[in-house]
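Quick notes on the structure that follows.
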Amino acid sequence: MKQNGNYLREKIEQVTEKALEKKALHPILTTYDIKQENHTPFLIRMVENLARKDHAKKQQKEKQKESTTFLNPFLPYDQDLFIEEISETHVAILNKYNVFNHHLLIITKEFESQEKALNVNDFSALWTILTKIKGLGFYNSGKLSGASQPHKHLQLVPYPLVEEIDTIPLDHLILCYQNYPEIVNIKELPYQHSIVFFEDINNKTNKELSTLTFTAYCQLLDKLNISIEDNIPSQNYNLLITENWMMIIPRSQEKYHSISINSLGFAGAFLVKNKEQLDLVMNSSLLDILASVGIKKNCVINSE
């Protein structure tokens, strides 16, 4: 991959424009509200029309029933969505059904399960982009975390998510703890989590960053009593990563009522499908919603 950040941003914009022209990219149109809770501007998006995505999912399920082999939309991936080969093991493509502009998927070239633990190669691929595009990287590990495809893929959404919020809703709260000890637990968050902060990433090579991050990843899992056996974590979880910090949140369930929550929810960005779901979210404590799909503090993680 080229080393120039401007080159990558321009390439993403060019591929996006062409993919829209070819109707290979299907943005999900939304309206949004911002709800203040605990001095945090949570972002609530409501989908205007999910028909295309729902239709595509239905088609994929029907084809899967007829097929004797697993149908994988990432193998092969749609060439019209291809951004770059970013390493020997990973490529970057556009998210076909994107809510946020320039939403990237960082997928393994060969099939690896989304149930598997992350490795140094995964973090190396992510940092290749994250050092050039300011944004939120994340990983939905397992079905309870909101993972929608079984082929291993990390994701990245560039900043800003909306004009009113510079980074992500919870970033300011998390950065308030930046000078605390190595592994941090934020008292304002009512669900189990662990956070580690990074020193200046500009002074580190990709190899140094990926090695450091993998080590921190293992430490966070250990802190949360999430063990790894046969390369599979004992608990589904969400991982969020920025240029400043990395956070892991263990999961107990995928949905709050009918509302699916993935890593973006734990960044402070909710997605609802209709007015009924919007009213439910707007009239609830958002932190309590996250605690209900995560694991409430003082509860024991069931890793069986």
Hits in the stretch 280-300 (condition: under 19 Å from Gln36 (Cβ atoms), open to solvent by 60 Å² or more (accessible area, probe 1.4 Å) and without any contact (Cβ under 8 Å) to a residue 60 or more places away in the chain): Asn283
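Go through the residues of the stretch 81-95 one by one and say whether even a single one is part of a helix (DSSP H, G or I), touching a residue at least 24 places away in the same chain (Cβ under 8 Å) and surrounded by fewer than 20 Cβ atoms within 10 Å (Cβ to Cβ). Let's see the steps before the verdict.
Narrowing the stretch 81-95 to residues part of a helix (DSSP H, G or I): 81.
Narrowing the set further to residues that are touching a residue at least 24 places away in the same chain (Cβ under 8 Å) leaves 81.
Now narrow it down to the ones that are surrounded by fewer than 20 Cβ atoms within 10 Å (Cβ to Cβ): none.
Among the residues of the stretch 81-95, not one is part of a helix (DSSP H, G or I), touching a residue at least 24 places away in the same chain (Cβ under 8 Å) and surrounded by fewer than 20 Cβ atoms within 10 Å (Cβ to Cβ), which makes the answer no.
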Any hit, the stretch 261-274, residues being touching a residue at least 24 places away in the same chain (Cβ under 8 Å) and over 21 Å from the mean Cα position of the chain (by Cα): yes
Which numbered condition Glu13 misses (of (1) at pLDDT below 95; (2) in a helix (DSSP H, G or I)): (1)
Single residue of the stretch 107-142 satisfying the filter (in a strand (DSSP E or B) and hydroxyl-bearing (Ser, Thr, Tyr)) that is surrounded by the most Cβ atoms within 10 Å (Cβ to Cβ): Ser141
Residue count for the stretch 221-260, restricted to those that are within 19 Å of Tyr177 (Cα to Cα) and within 17 Å of the chain's Cα centre (by Cα): 11
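The values are calculated or read from the model by the stated rules, or taken from the named source; none is laboratory data. Because the structure is predicted, anything quoted here is derived from the model rather than measured. For neighbour counting, all protein chains shown are included, and Cβ atoms are generated from backbone atoms with ideal geometry for every residue, glycine included. Side chains included, ligands, DNA and RNA excluded: accessible areas come from the protein's heavy atoms. Shrake-Rupley method; radii C 1.70, N 1.55, O 1.52, S 1.80 Å.
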